[in-house]
Structures are given as C-alpha cells and as structure tokens.
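One structure below.
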Amino acid sequence: MEMRTGRRILAVRTDRIGDVVCITPALAAMRQLYPDAHLAVLVSPYAQDVLTGNPDVDEIIPDGPFWATLRRLRSGRFDTAVVFFVTARAAALVRLAGIKRSIGPASKAWSLLLTDMVRQNRSESVKHEADYNLELLRQLSREIPRAGTKVVLSPEEARWAEYYIASRCGITGDRQLVIIHPGSGERRTWSAPLPRDMRQLEALLRAKRV
C-alpha cells in the first residue's frame with residue numbers, strides 16, 4: 001500500500017456494483033484535489049472488485065460485521081468522510097468512528113448523524129448518479145475536477161473478457177460493442193418506452209450514433 005501524508009479521507013458506498021462505478025469520478029476528483037491524501041473506500045464485499053487496481057484508491061475496506069468494521073475505521077484515523085449513499089448503518093459507523101467531518105445527502109432521518117448535509121433531489125433523477133456524487137464534493141472545494149467512470153482490468157481480465165465476448169457473442173476485432181442493461185433493482189427512469197423488438201432498437205442506436 002502506498003504511504004501518503006496529509007489528509008485521510010474515507011469514501012462510503014456500500015450498495016450495488018453500478019453505484020460503486022458511479023463514485024469513481026468523485027474518487028478521481030478527490031485524488032486531484034488532494035494528491036497527497038490517503039483515500040480509502042468502504043464498500044460491500046460484493047462490489048469491492050470494481051475498485052481493484054484503481055489508481056485513485058489507496059485502501060479498499062470491505063464492509064463486514066458492524067463492530068469489526070467500526071474498529072477498522074477507528075484505526076484508520078480518518079478526518080473526513082464522504083457518504084455517497086446514506087444508510088443508517090453507514091451514518092452510525094462514520095459517527096461512532098469519530099470522524100470529525102462527514103458529508104452526505106440530506107435524504108434520510110439518519111443523515112442527521114452527519115456534520116454536512118447536502119440537499120439533493122435524487123429521486124427526480126434530473127442528473128446522472130455520478131453528477132450527484134460529484135456535487136457532494138462542493139463541500140470540500142468550489143471547483144470540482146471532472147472525470148469519467150473508471151474500472152481497471154488486469155491484463156488477464158482483459159484477455160478473458162475478449163475471449164468471452166468472442167466465444168459467446170461472436171464479436172472480435174475492432175467491431176463496436178454496445179451493451180444495454182435494462183434491469184434495475186429500484187426505479188426505472190427511461191425518458192421513452194423501450195423498443196418492441198431489436199430492429200427498432202438498432203434503428204434507434206443508429207439514429208443516435210451510439
């Protein structure tokens with residue numbers, strides 16, 4: 001693990017894989033704002049591999065049994081926490097860990113456990129989830145660097161992905177690959193109904209030059 005001096009920042013996102021992907025622009029922004037800070041991420045074991053190899057992250061902390069996780073957070077001596085999705089558990093962990101400054105959405109009753117609550121209207125979905133996450137960082141700096149989402153693959157993982165796509169989908173070489181994942185564990189926020197068949201979908205993609 002790379003040793004850094006200066007601030008010790010904890011990012012918290014303990015829900016799904018896609019949600020963890022959507023905090024990677026905020027992690028990149030914090031790395032640019034505080035290049036010498038130690039940046040750790042508390043994440044569910046289910047989603048922790050999303051951050052493996054990410055150069056913006058110094059430490060990945062899997063969220064385990066409550067008291068074991070609390071002891072680990074206390075030993076981390078973090079001065080700032082950014083809670084991107086506020087659950088009662090996450091808010092309690094941050095508060096009991098003695099982290100002096102904690103930032104998160106003012107969306108739940110337990111948000112009161114945080115020191116800095118940011119009013120957002122995430123339920124209206126007028127912005128991308130990554131933009132809502134970046135918005136929280138305005139409590140740290142007026143100017144927030146912009147970055148795209150980032151998932152880092154090892155050479156072995158990249159080779160396996162190429163093999164899988166070629167063998168299962170018949171796509172090789174430089175052919176453009178578009179993946180659509182319409183499922184959702186929560187709400188659906190499409191602005192238009194889905195096409196009834198793949199021919200309509202293909203026409204839609206061509207029209208939008210995806």
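Some observations on this one:
- Among the residues making up region 136-163, a single one is within 13 Å of the chain's Cα centre (by Cα) and of a type in the set (D, E, K, R): 150.
- Positions within region 96-120 being under 23 Å from residue 131 (Cβ atoms), touching a residue at least 24 places away in the same chain (Cβ under 8 Å) and among the aliphatic types (A, V, I, L, M), in sequence order: 103, 114
- Residue check, residue 124 out of contact with any Phe, Trp or Tyr (no Cβ under 8 Å at 6 or more places or on another chain), surrounded by 12 or more Cβ atoms within 10 Å (Cβ to Cβ) and of a type in the set (Asp, Glu): no
- Cross-chain or 6+ apart pairs with Cβ under 8 Å, region 67-95 first and at pLDDT 95 or above and surrounded by 14 or more Cβ atoms within 10 Å (Cβ to Cβ), then of a type in the set (Asp, Glu) and assigned to a helix (DSSP H, G or I): 84/19
- Subset tally (residues that are of a type outside the set (Gly, Ala, Ser), touching a strand residue (DSSP E or B) at 6+ places or on another chain (Cβ under 8 Å) and not in a helix (DSSP H, G or I)) for region 72-95: 9
- Restricted to region 128-210, the set of helices (runs of 4 or more DSSP H) holding at least 1 residues that are surrounded by 10 or more Cβ atoms within 10 Å (Cβ to Cβ) and modelled with pLDDT of 85 or more comprises 129-136, 155-169.
- Residue list for region 45-58, restricted to those being touching a residue at least 40 places away in the same chain (Cβ under 8 Å) and surrounded by fewer than 17 Cβ atoms within 10 Å (Cβ to Cβ): 52, 53, 55
- Selection count, region 105-120, where residues are part of a helix (DSSP H, G or I) and more than 8 Å from residue 86 (Cα to Cα): 3
- Residue 31 being within 19 Å of the chain's Cα centre (by Cα), basic (Lys, Arg) and closer than 30 Å to residue 156 by Cα: yes
The values are calculated or read from the model by the stated rules, or taken from the named source; none is laboratory data. Here the structure is a predicted model, which is why all the values come from computation and not from measurement. For neighbour counting, all protein chains shown are included, and Cβ atoms are generated from backbone atoms with ideal geometry for every residue, glycine included.
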